[in-house]
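Asks: My structure is below; once you've seen it, I'll send some questions.
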Amino acid sequence: MKRGFTTTILHSDLEQPIEHYAVHKPMHLAVAYGYPDARELARVFKGEAAGFVYGRQGNPTTAALEAKVTKMEDGIATACFSTGMAAIAAMFVALLRSGDHVVSSSFLFGNTNSLFGTFNTLGCEISLVDATDVANVKNALRPDTRLVFVETIANPRTQIADLARIGELCAERGVLYVVDNTMTSPYLFQPKKTHAGLVVNSLTKYIGGHGNALGGAVTDTGLYDWTRFPNIYDSYKTANATLWGILQIRKKGLRDVGSTLAAEVAHRLAVGAETLALRMERASDNALRLARFLAGHPKVTRVYYPGLPDHPQHRLAGELFKTYGALMSMELADGIDCFDFLNRLKLVISSSHLGDNRTLAIPIAHTIYWEMGAERRAEMGIADSLIRLSIGIEDFDDLVGDFRQALEHA
Ligand SMILES: *Cc1c(COP(=O)(O)O)cnc(C)c1O
């Protein structure tokens, strides 16, 4: 019988024997691995045998986390990185060449947006389109389009990409479909169900969940036919073509770039992942109830949350995701200063992070989205007064009480 989501994570390490009957994979801190038989070392280097050779390229603790993420995403293999941005950057370095074209959602995590600007200067061309409508993606596709990149729920305005239809389009055209699943996490949504070939997760956010560790992951779902991808180097065209992509990401991305996820950090993220389902349920429930409260408050003019019936993709979110997630944003009534409001919150923390157990708030145009400038902010629909909220797992009465008092005095 196929086990449930949480059972699978909890018992993943125990599929291999662990010394002293420990229930966690231990932290393997060695940089070097000494082989009693030098021929065996050569076989591992050649990829003919499984094993570890040098800490930059992986360690057994990180590999145990990779196995968990693979299961969470129902994929075939995962490569972990030191951060979510490292995962995205390494994937692009590994898979793209000068002259390549990419179609991406224009509603992007700020640093991903900035990274794509860098790739534009390196000879790739990245077309940003409104991915809430598959027609825009379709119109942007070209013969040299190597991949389509979207996020599930965009930050901060919570637009939802037309995930299933874009997946069908990519499958039809043989284009690699990459989905950044950070905002939903594999508990709410598995991009594989909408034909994604690669799935990115920032482990720093919901999967880790506790704000004490950075990490990122790229998972291959096994759906993409890598023999159709023109950028695979000959040395990575091994017998099993389903593994070409992740092999090239490991070699050209992880090994050559060196943004390795350390064993101590992998351990912390793996422990965090054990409670992903419980935390997501609680945070989503808090978020839905809080969104309803804020939407009905006279001093709040807008609430962007997929769980509200007036959200443009409310129905789509209900069909695709297990809950509506824990991210929302709000605009205050004219004349209320967003900084004064934030300073009046006693429980909610002003912080740029998201996906934490604690509820966090940030005036987005003045912080994370400052560097991109007013024009790009306007394109993304980000008002100067927009406040992003990442809802945590606090007791709901405390949470709503804090917002109620801060609004009362506004
Ligand atoms: C945070 C985030 C990232 C980057 O992850 P880090 O671990 O902070 O580097 C990428 N994509 C999305 C959607 C994110 O929210």
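Derivation of every value follows stated rules applied to the coordinates shown; laboratory data play no part. Just so we're clear, the structure is a prediction, and the values are computed from it rather than from any experiment. A quick note on method: Cβ atoms are made from the backbone with ideal geometry, for glycine too, and the neighbour counts reach across all protein chains shown.
Asks: Please list, or write none, the aspartates and glutamates whose alpha carbon is within less than 13 Å of the alpha carbon of LYS192, excluding same-chain residues fewer than 8 places away.
Replies: GLU73, ASP74, GLU168, ASP180, ASP220
Asks: Fully extended, how many nm does the chain gain between ASP225 and ASN343 (0.36 nm per residue separation, minus their Cα-Cα distance)?
Replies: Full-extension gain reported as 37.3 nm.
Asks: Using 0.36 nm per residue, how much length does the chain from ASP310 to GLU172 gain when fully extended, once their Cα-Cα distance is taken away?
Replies: Here the segment from ASP310 to GLU172 would lengthen by 46.4 nm.
Asks: OK, next. By the scheme Lys and Arg +1, Asp and Glu -1, what is the net charge of all other residues having a beta-carbon under 14 Å from that of ALA131?
Replies: -4
Asks: Distance cut-off 21 Å, Cα to Cα: go down the list LYS25/LYS251; LYS2/LYS193; LYS71/LYS237; LYS138/LYS251 and report the pairs above it.
Replies: Violating the 21 Å limit, Cα to Cα: LYS25/LYS251; LYS71/LYS237; LYS138/LYS251.
Asks: If contacts are Cα pairs under 8 angstrom and at least 6 residues apart, what is the relative contact order of the chain in percent?
Replies: RCO, the chain: 16 percent.
Asks: Using helices alone, what [θ] at 222 nm do you get for the chain, with -39,500 (n - 2.57) per DSSP H run of 4 or more residues, divided over all residues and rounded to the nearest 500?
Replies: So the calculated ellipticity at 222 nm is -10000 deg cm²/dmol.
Asks: List the residues whose amide H sits under 5 Å from the amide H of ASP356, counting only those 5 or more places along or on another chain, with H placed 1.01 Å from N in the peptide plane.
Replies: Result for ASP356 returns nothing.
Asks: Based on the Cβ-Cβ distance from GLU375 to THR301, what FRET efficiency comes out when R0 is 30 Å, to the nearest 0.05?
Replies: 0.85
Asks: Taking H as built 1.01 Å from N, whose amide H comes closer than 5 Å to the amide H of LEU389, not counting residues under 5 places away?
Replies: For LEU389, the qualifying residues are MET328, SER329, MET330.
Asks: For the pair ALA49/ARG97, report the inter-label distance in nm, with labels modelled 7 Å from Cα in the Cβ direction.
Replies: Reported label-point gap for ALA49 and ARG97 is 3.5 nm.
Asks: Amide H of ASP180 versus every other amide H placed in the peptide plane: which residues, excluding those fewer than 5 positions away on the same chain, fall under 5 Å?
Replies: Here VAL150, GLU151, THR152, VAL200 satisfy the definition.
Asks: Spelling out what I want: for every residue of segment 86-101, take phi, set θ = phi - 60°, compute 6.51 cos²θ - 1.76 cosθ + 1.60 (Karplus), and round to whole Hz; glycine and proline get x.
Replies: 4, 5, 5, 4, 5, 4, 5, 4, 6, 9, 9, 10, 3, x, 6, 10
Asks: Turning to a different aspect of this structure: Using θ = phi - 60° and the Karplus form 6.51 cos²θ - 1.76 cosθ + 1.60, what ³J(HN,Hα) does each residue of segment 43-54 get, whole Hz, x for Gly and Pro?
Replies: With coefficients 6.51, -1.76 and 1.60, one gets 5, 5, 4, 7, x, 8, 9, 6, x, 10, 10, 7 Hz.
Asks: Something else: Put a dot 7 Å past each Cα toward the Cβ at PHE5 and TYR35; how far apart are the dots in nm?
Replies: Here the answer is 4.0 nm between the modelled labels.
Asks: Along each of the three principal axes of the Cα atoms of segment 295-410, give the extent in whole Å, ordering the values from largest to smallest.
Replies: The principal-axis extents, from largest down, are 39, 38, 27 Å.
Asks: Moving on. With an 8 Å Cα cut-off and a minimum separation of 6 or more residues, compute the relative contact order for segment 277-408 in percent.
Replies: 28 percent
Asks: Right, something else. What is the spin-label model distance, in nm, from ASP395 to ALA333 if the labels are put 7 Å beyond Cα along the C-beta direction?
Replies: Calculated label separation equals 3.0 nm.
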